[in-house]
Amino acid sequence: MTKILLAPNPTGTGHNMRVLALGKKLIKENTDISITVLLGSRQDVFTPLFEKEGITVIDLSPTGIIDYSKSSNLNQNLDWQTMITNYFVPTFFNGDKILKYMTLINHLKPDLLISDYNINATFAAVMSNIKNAFVTERHNFTLVDISTDELKKGNFKVETSDIISAQKALNELFLWLVKNVDLIITDKVFMKTFKSDTQLMKYSDKTFFVGSIYADRTDDNHPLDFDELGIDRDRPYIVATVSNTTMLAEDKENSTKLFTESFKLLKETNSNLQLVLLGIDSENHQIDNDLIFLPYLPNWRELIENSTLLIAHPGWITVTEVSLLNIPTLFYLASYAEYHEVEAYKRLEKLDLPVFYGDDVQEFTKIVSSLLNLDTDNDIFKGYKILSPYPNGLEKAINLLNQLIKGDELSI
């Protein structure tokens, strides 16, 4: 019996989604296998999803549901204390958490640990001397991939010497991780204009770009009830995502304000239009018939495939999913304060995909209006073929994991 331990980074739901896809596929293709997931976020949503696939769930925070999108993760002053001591160490490189992961590894004795950008779990696996795979949409730590000037553009007060020192140290830490893991699987296409990409490409013997690691979560037996959601399928609607891991909570509020004010302008010339704000509770908002608030929706394919346009933050797992499914999308960055999304935003911009930054309602409305009648056959979305060149990225990832389990030579 091969024992596999899944360890998604607890800072975002996308990590849970990706390891769920991997776990489901591994179980389907291997009869002599058992899988356990170490779940650290949105346990209310994901515990039943993992358990449905026969995956054992260990709740890393049984005293409460963890949702990193509910509050700010940083303040406006960025120095070593606020960025490293108060944020990075507790979240990503935490000695206490590493030791707890090592204890779990010693107790569960897995044959393979699959970490989805969970730095603590990967360090624990390396130090416990067990096979490990690092699945990632990032080719370095996010702080390394942004300049101090860009941080200042996010209205942070930056202690430049501290942040530059932190970036150098974090880069060395990430390179140590890369050197010591057994397999790296990335769904982010390599581009030579990004320094972190060129560093990672040096490890081509164990680093593989597989495209979108996506598994369809549509339940044919339980299709979305659009009437129950309050959406009229006979009329066009835009889906805009509000839920994300926020560095500053006001960015979530500003996004909501931008979307709703723009919607009012769009309605002047598109009276039938509806707006679905996804990832926000409706109870604190005045509802009208054409403005629909929905909570987090793990199975959103049917929703976005029937939409006229998706407006989404450039979270990379979202990027890979919509590019694979050919969903017309405008990628929106609230501010450079959301520094963890800046690198992805710049990457999409280089591919000439529709992007928008800031809070100018008039300009935003103009761009949205121009995209409403386009489909993905339009040249504006040709970057999708670069982002998701393979229809079977999940299968490629599973093949690599199976090769690692068997001790075979790694090849895509």
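The values are calculated or read from the model by the stated rules, or taken from the named source; none is laboratory data. Keep in mind it's a predicted model, so treat the numbers as computed, not measured. Cβ: placed from backbone, ideal geometry, glycine included. Neighbour counts: every protein chain shown. For accessibility, only protein heavy atoms count, side chains too; no ligands or nucleic acids. Shrake-Rupley method; radii C 1.70, N 1.55, O 1.52, S 1.80 Å.
Taking the condition of being more than 18 Å from SER411 (Cβ to Cβ) and surrounded by 18 or more Cβ atoms within 10 Å (Cβ to Cβ), how many residues in segment 190-214 meet it?
5
Does ASN77 meet the test of being assigned by the TED database to the domain that holds LYS179, open to solvent by 30 Å² or more (accessible area, probe 1.4 Å) and closer than 29 Å to GLY279 by Cβ? Write out each step before concluding.
Working: assigned by the TED database to the domain that holds LYS179: yes; open to solvent by 30 Å² or more (accessible area, probe 1.4 Å): yes; closer than 29 Å to GLY279 by Cβ: yes.
The answer is yes for ASN77.
Could you list, in sequence order, all residues of segment 360-404 that are part of a helix (DSSP H, G or I), acidic (Asp, Glu) and within 20 Å of TYR332 (Cβ to Cβ)? First the steps, then the outcome.
Just the residues of segment 360-404 that are part of a helix (DSSP H, G or I), to begin with: 361-371, 379-381, 384-387, 393-404.
Pick out the ones that are also acidic (Asp, Glu) and you get 363, 379, 395.
GLU363, the sole residue that qualifies.
Inspect segment 217-227 for any residue being touching a Lys or Arg at 6+ places or on another chain (Cβ under 6 Å) and at pLDDT below 95 and give the result as yes or no. Explain how you work it out, then say what you get.
Residues of segment 217-227 touching a Lys or Arg at 6+ places or on another chain (Cβ under 6 Å): 218, 226.
Imposing the further condition that a residue be at pLDDT below 95 reduces the set to 218, 226.
Yes.
Of all the residues that make up segment 326-338, how many are over 21 Å from THR365 (Cα atoms) and either without any contact (Cβ under 8 Å) to a residue 60 or more places away in the chain or touching a strand residue (DSSP E or B) at 6+ places or on another chain (Cβ under 9 Å) (or both)?
1
Do we find a residue being on the phi > 0 side of the Ramachandran plot and either modelled with pLDDT under 95 or in contact with a helix residue (DSSP H, G or I) (Cβ under 9 Å, 6 or more places away or on another chain) (or both) anywhere in segment 147-158?
The answer is yes; a qualifying residue exists.
Of all the residues that make up segment 90-114, how many are of a type in the set (Val, Ile, Thr) and at pLDDT below 95?
The total comes to 1.
Across segment 170-182, which residue is surrounded by the most Cβ atoms within 10 Å (Cβ to Cβ) among those that are outside any loop (DSSP other than H, G, I, E, B) and either without any contact (Cβ under 8 Å) to a residue 12 or more places away in the chain or among the β-branched types (Val, Ile, Thr) (or both)?
Checked segment 170-182; the qualifying residue surrounded by the most Cβ atoms within 10 Å (Cβ to Cβ) is VAL178.
Scan PHE134, PHE123 and give me the residue that is within 18 Å of the chain's Cα centre (by Cα) and either at pLDDT 95 or above or part of a helix (DSSP H, G or I) (or both).
On the way: PHE123 fails: within 18 Å of the chain's Cα centre (by Cα).
That would be PHE134, the only listed residue that is within 18 Å of the chain's Cα centre (by Cα) and either at pLDDT 95 or above or part of a helix (DSSP H, G or I) (or both).
Give ILE185, ILE238, ILE231 a once-over and let me know the one that is buried (at least 20 other Cβ atoms within 10 Å of the Cβ) and closer than 24 Å to LEU394 by Cα. Write out each step before concluding.
Details: ILE238 fails: closer than 24 Å to LEU394 by Cα; ILE231 fails: closer than 24 Å to LEU394 by Cα.
None of the other options fit; the residue is ILE185.
Which of the residues spanning segment 3-18 are modelled with pLDDT of 95 or more and either under 14 Å from THR136 (Cα atoms) or open to solvent by 10 Å² or more (accessible area, probe 1.4 Å) (or both)?
LYS3, LEU6, ALA7, PRO8
Among the residues of segment 131-161, which ones are buried (at least 16 other Cβ atoms within 10 Å of the Cβ), in contact (Cβ under 8 Å) with a residue 60 or more places away in the chain and out of contact with any Leu (no Cβ under 8 Å at 6 or more places or on another chain)?
GLU137, ARG138, THR142, ASP145, ILE146, GLU150, LYS153, GLY154
Considering only segment 89-100, I want to know if a residue exists there that is out of contact with any strand residue (DSSP E or B) (no Cβ under 7 Å at 6 or more places or on another chain), at positive phi and not assigned by the TED database to the domain that holds LEU333. So that I can check it myself, show each step before the final result.
As a first pass, look at segment 89-100 and keep what is out of contact with any strand residue (DSSP E or B) (no Cβ under 7 Å at 6 or more places or on another chain): 89-100.
Of the ones still in play, those that are also at positive phi are none.
No, segment 89-100 contains no residue that is out of contact with any strand residue (DSSP E or B) (no Cβ under 7 Å at 6 or more places or on another chain), at positive phi and not assigned by the TED database to the domain that holds LEU333.
Answer yes or no: is there a residue in segment 43-52 that is free of Cβ contacts under 8 Å to residues at least 60 places away in the same chain, open to solvent by 30 Å² or more (accessible area, probe 1.4 Å) and touching a strand residue (DSSP E or B) at 6+ places or on another chain (Cβ under 7 Å).
Looking for residues that are free of Cβ contacts under 8 Å to residues at least 60 places away in the same chain, open to solvent by 30 Å² or more (accessible area, probe 1.4 Å) and touching a strand residue (DSSP E or B) at 6+ places or on another chain (Cβ under 7 Å), one finds at least one in segment 43-52, hence yes.
Hey, can you tell me all the residues within segment 300-325 that are part of a loop (DSSP other than H, G, I, E, B) and within 15 Å of the chain's Cα centre (by Cα)? Let's see the steps before the verdict.
The initial filter retains those residues of segment 300-325 that are part of a loop (DSSP other than H, G, I, E, B), namely 300, 306-308, 313-315.
Across segment 300-325, the qualifying residues are TRP300, HIS313, PRO314, GLY315.
Could you grab me the full set of residues in segment 54-74 that are part of a loop (DSSP other than H, G, I, E, B), at pLDDT 65 or above and open to solvent by less than 50 Å² (accessible area, probe 1.4 Å)?
Within segment 54-74, the first condition is being part of a loop (DSSP other than H, G, I, E, B), and the residues that meet it are 54-55, 60-74.
With the extra rule that they be at pLDDT 65 or above, the set shrinks to 54-55, 60-62, 74.
Result: ILE55, SER61, LEU74.
I'd like the full set of residues that are buried (at least 16 other Cβ atoms within 10 Å of the Cβ), among the hydroxyl-bearing types (Ser, Thr, Tyr) and over 30 Å from SER161 (Cβ atoms), limited to segment 84-118.
Correct list: TYR101, SER115.
Being in contact with a helix residue (DSSP H, G or I) (Cβ under 8 Å, 6 or more places away or on another chain), in contact (Cβ under 8 Å) with a residue 40 or more places away in the chain and not β-branched (Val, Ile, Thr) is the filter here, so list the residues in segment 24-39 that pass it.
Residues satisfying the conditions are LYS25, LEU26, GLU29, ASN30, LEU38.
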